[in-house]
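Asker: For reference, the structure I am asking about is given below.
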Amino acid sequence: MSQAIYLTRDIRRIEGAAKDVPLMQRAGAAAAELATRLATDTAKDVLVLAGPGNNGGDARIVAELLGQKFFRVTLATAAEAATLPVDKRWGLVVDGLFGIGLARALDGDFARLISYANAQE
């Protein structure tokens, strides 16, 4: 499946030109559609990671839409990183933590959440 790759400046230009378009709803719906194709078995658990910004808003929409499609969804924020089950194997992990332009090192709960997600096979 080929997909276009955009530079950060291109994405910001596109977002700026689409001020009146409900981008968060569209992004969440598109991500939920892709997640549905990737995780065809609704019996498997889906973990959706939600960050503090717009990507977190997108992730919340993904979680809601997947739930409407009868997937078993857990929505997790950084504050919940320590409460996620250590031995759990998720059918799919959706990353909605950070978007374009993140330019800082991550530590604390965000680092724990990313390590947890990266440990999934």
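Asker: With the requirement that a residue be under 10 Å from the mean Cα position of the chain (by Cα), closer than 21 Å to ASN118 by Cα and of a type in the set (Val, Ile, Thr), what does region 45-78 give you?
Answerer: VAL48, VAL62
Asker: Just for region 20-40: of the residues that are modelled with pLDDT under 90 and outside any helix (DSSP H, G or I), which one is surrounded by the fewest Cβ atoms within 10 Å (Cβ to Cβ)?
Answerer: Among those that are modelled with pLDDT under 90 and outside any helix (DSSP H, G or I), it is ASP20.
Asker: How many of the residues in region 81-110 are farther than 16 Å from LEU47 by Cα and assigned to a strand (DSSP E or B)?
Answerer: Number satisfying all stated conditions: 0.
The values are calculated or read from the model by the stated rules, or taken from the named source; none is laboratory data. Keep in mind that this is a model prediction, so the values were computed, not measured. Neighbour counts are summed over all protein chains in view; Cβ atoms, including those assigned to glycine, are modelled from backbone coordinates with ideal geometry.
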